[in-house]
Amino acid sequence: MDYKKVAKEINDALGEDNIQAAAHCATRLRLVLKDSSKVDQKALDSNEAVKGTFEANDQFQIIIGAGDVNNVYDELIKITNVKEASTADLKAVASNGKKNNPIMAFIKVLSDIFVPIVPALVAGGLLMALNNVLTAQDLFGPQSVVELFPNVKDFASIINLLASAPFAFLPILVGFSATKRFGGNPYLGAAMAMAMVMPDLVNGYGVANAIADGSMPYWHIFGMDVAQAGYQGSVLPVLAVSWILATLEKFFHKRIPNAFDFTFTPMLAIVITGFLTFIVVGPMMRIVSDGLTNGLVWLYDTTGAVGLGVFGLFYSPIVITGLHQSFPAIETTLLAEVARTGGSFIFPVASMANVGQGGATLAIMLLTKNKKQKSLATSASISAMLGITEPAIFGVNLKLKFPFICGMIASGVACLFIGAFHVLSVAMGPASVIGFISIAPKSISYFMIGIVISICVGFVTTYVYGKRHMEVFVGDDETAGEVAVEINEDPEASVAAVQDEVLASPVSGTPISLKEVNDPVFAQEMMGKGIAVIPEKGIIYAPADGELTVIYDSKHAYGLRTMNGAEVLIHIGIDTVGLKGEGFETNRKYGELVKKGDILGTVDLEKIKQAGLDSTVMMIITNTDDYAAVEAIELSKVDGGQDLLAVSAHYEN
């Protein structure tokens, strides 16, 4: 790569004197721009050295790749005379003069609390959907499945038991997660939540009736009558209680001597929080929670199809802002009281919005002749149909603008339709084409019609508009043609001499798909295909025999060229370059030869978590295009140095 030439081309595309501050990490340039509207995006997209671009946290990020990004950065600094900065400095520049948004901060807290417990709710929700299929009337006929086949009655009973557990004991899940998020001991949070759902209390779902018919038992404390009411299915009361508990625990930790802290802090925190819960906080937050739920139900009942259509129209823009992260808290409340609310209207809307964006992306896949864009649109459209829209929205639709708008319109039309037929979900599940499993049985057919409407409207409107305005794609087509000719002139020279091999996991932990990684560069495979691992231990291993081609001072990433030709990037955590090497150790050097399974270094995983960062380890094959396939070996758990990723070379018949 001609680093000076690439740096000049990037600077020209960004606009004259438009860079305010610049830094880089292991894979990308991170820039704060004075005016992002000056960026010539088409020039960046057509630059072979640029693997992708995106904007996040007020930073314009340009993906170059490990081993090259630092050299391009050095040349860019020379050309622009911009002062070099660390990623921490860059964040400070980006946020300079901006006030913290309390609403976004609150949403971030809700997201941190509910995201960890969503798998339990989804599991319970899908089992609940299965139970509905087995027990619902008029789904397959006038009788339910259990009535038609009595032998499956006990099977359905166990399914119902498993499905109900996460919702019946929801406060325990929320108490554990929320207390941990607020800085307290999560086990104390779980213990306090257990007290709120004890069988000795009146079940939370029957509190209103018990008060109405005068059967509610009371404790008589300090001259007050305190209702012995449970909080099954509650969310807001537990959130408030968890915050109080964590605050008290931290208060006592600071003031009680170490000799007594372990014994008395938990007891004092629990007993004070317990009395406050049943006397003041619980009853007050129950009123707030009931008011919120009743308000949402009233809004849905009042505005009906029109209100749902408007919500559907703006759901995708809401996703961009991150506001949708607060929806699980609301949806959980609606589902926990399904007998009163009828279910949740949020899940059907999310499903329509997701497949609408998928339909628009599918149209782009057929319209464009740019191989890079076509490949991304193909995978992104399938991903969106299955409920993951980030690749479609950020990788394709927003860049071209009109597909995103067409997807919004598709969602609005589909939501208008499902709103007219009162389609509600009775469980949490995948907001996608297979979301029907979480829909009330009587509404499944209307839900599927809505899905078809959203896909078709998104596809047709995007395709028709794109056909009439083909100049949008002309530049991309010409560039793609020129690049193809240049590469194909010498096919042998364009593909490295690579061979089949199996790479080992760089760390012990739980393997996940790259698409699940919370970073668009890795999730959209801009750097190449590979695998990610949620680490359980902080030892980093060499995935194969080879030469170390990249080692940063921050020690958060390694580059390795294997003996068989694979170019591998091991990236430890997300945005961990900002730690400046704190918590990372290595004695390896650039150019050193290593053997498969050798220890490259160590990382303090707790240090990463304390910094509020994601510790996921990514292993990327950066020369993916040289291979016929890059495939992960399916494992639920993996040890460091254990085979995990297979790469297959192209072979002529």
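Some points to look at:
- Considering (1) in contact with a strand residue (DSSP E or B) (Cβ under 8 Å, 6 or more places away or on another chain); (2) small (Gly, Ala, Ser); (3) closer than 14 Å to Met618 by Cα, the lone condition that Ala544 does not fulfil carries the number (3).
- Within the option set Val457, Val507, Val498, Val533, being at pLDDT 90 or above, touching a Phe, Trp or Tyr at 6+ places or on another chain (Cβ under 8 Å), over 24 Å from Gln41 (Cα atoms) and crowded, with 18+ Cβ neighbours inside 10 Å holds for one residue only, Val507.
- Strands (runs of 3 or more DSSP E) fully within the stretch 553-653 that include at least 2 residues being modelled with pLDDT under 85, over 30 Å from Lys180 (Cα atoms) and among the aliphatic types (A, V, I, L, M): 627-632.
- Pair list, Cβ < 7 Å and 6+ apart or interchain, from the stretch 149-166 residues that are under 27 Å from Glu337 (Cβ atoms) to residues that are open to solvent by 100 Å² or more (accessible area, probe 1.4 Å) and modelled with pLDDT under 90: none
- Looking across the stretch 70-88, the residues that are among the β-branched types (Val, Ile, Thr) and modelled with pLDDT under 85 come down to Val82, Thr87.
- Of the residues making up the stretch 448-456, at least one is of a type in the set (S, T, N, Q), part of a helix (DSSP H, G or I), within 28 Å of Ala523 (Cα to Cα) and out of contact with any strand residue (DSSP E or B) (no Cβ under 8 Å at 6 or more places or on another chain).
- Qualifying residue in the stretch 554-561 (condition: within 23 Å of Gln524 (Cβ to Cβ), buried (at least 17 other Cβ atoms within 10 Å of the Cβ), under 23 Å from the mean Cα position of the chain (by Cα) and touching a residue at least 12 places away in the same chain (Cβ under 8 Å)): yes
- Selected residue (only one of Ala363, Ala380 is buried (at least 21 other Cβ atoms within 10 Å of the Cβ) and either at pLDDT below 80 or among the acidic types (Asp, Glu) (or both)): Ala380
- Qualifying residue in the stretch 302-315 (condition: of a type outside the set (Ser, Thr, Tyr), over 29 Å from the mean Cα position of the chain (by Cα), modelled with pLDDT under 90 and exposed (fewer than 13 other Cβ atoms within 10 Å of the Cβ)): no
- Taken together, the residues in the stretch 198-244 that are part of a loop (DSSP other than H, G, I, E, B) and under 24 Å from Val109 (Cα atoms) amount to 5.
- Restricting the stretch 242-270 to residues that are open to solvent by 50 Å² or more (accessible area, probe 1.4 Å) and of a type in the set (Ser, Thr, Tyr), the residue that is nearest to the chain's Cα centre (by Cα) is Thr247.
- Hits in the stretch 566-603 (condition: open to solvent by 60 Å² or more (accessible area, probe 1.4 Å), more than 23 Å from Ile531 (Cβ to Cβ) and in contact (Cβ under 8 Å) with a residue 24 or more places away in the chain): Lys580, Glu582, Glu585, Lys589, Tyr590, Leu593
- Pairs where the first residue, in the stretch 221-235, is in contact (Cβ under 8 Å) with a residue 24 or more places away in the chain and the second is assigned to a loop (DSSP other than H, G, I, E, B) and of a type in the set (D, E, K, R), C-beta under 9 Å, 6+ apart: Gln228/Asp200; Gly230/Asp200; Gly233/Glu337
- When Ala431 is tested against (1) part of a helix (DSSP H, G or I); (2) within 15 Å of Val349 (Cβ to Cβ); (3) not basic (Lys, Arg), only condition (1) is not met.
- Leu416 modelled with pLDDT under 90 and either among the charged types (D, E, K, R) or open to solvent by 10 Å² or more (accessible area, probe 1.4 Å) (or both): no
- In the stretch 614-633, the residues that are surrounded by 24 or more Cβ atoms within 10 Å (Cβ to Cβ) and either without any contact (Cβ under 8 Å) to a residue 12 or more places away in the chain or of a type in the set (D, E, K, R) (or both): none
- Flag if Val152 is farther than 25 Å from Ala193 by Cα, at pLDDT 85 or above, open to solvent by less than 80 Å² (accessible area, probe 1.4 Å) and of a type in the set (A, V, I, L, M, F, W, C): yes
The values are calculated or read from the model by the stated rules, or taken from the named source; none is laboratory data. Note that the structure is a prediction, hence the values are computed from the model and not measured. Virtual Cβ from ideal backbone geometry, glycine too; neighbours counted across all protein chains shown. Note: accessible area is taken over every heavy atom of the protein model, side chains too, but ligands, DNA and RNA are not part of it. Shrake-Rupley method; radii C 1.70, N 1.55, O 1.52, S 1.80 Å.
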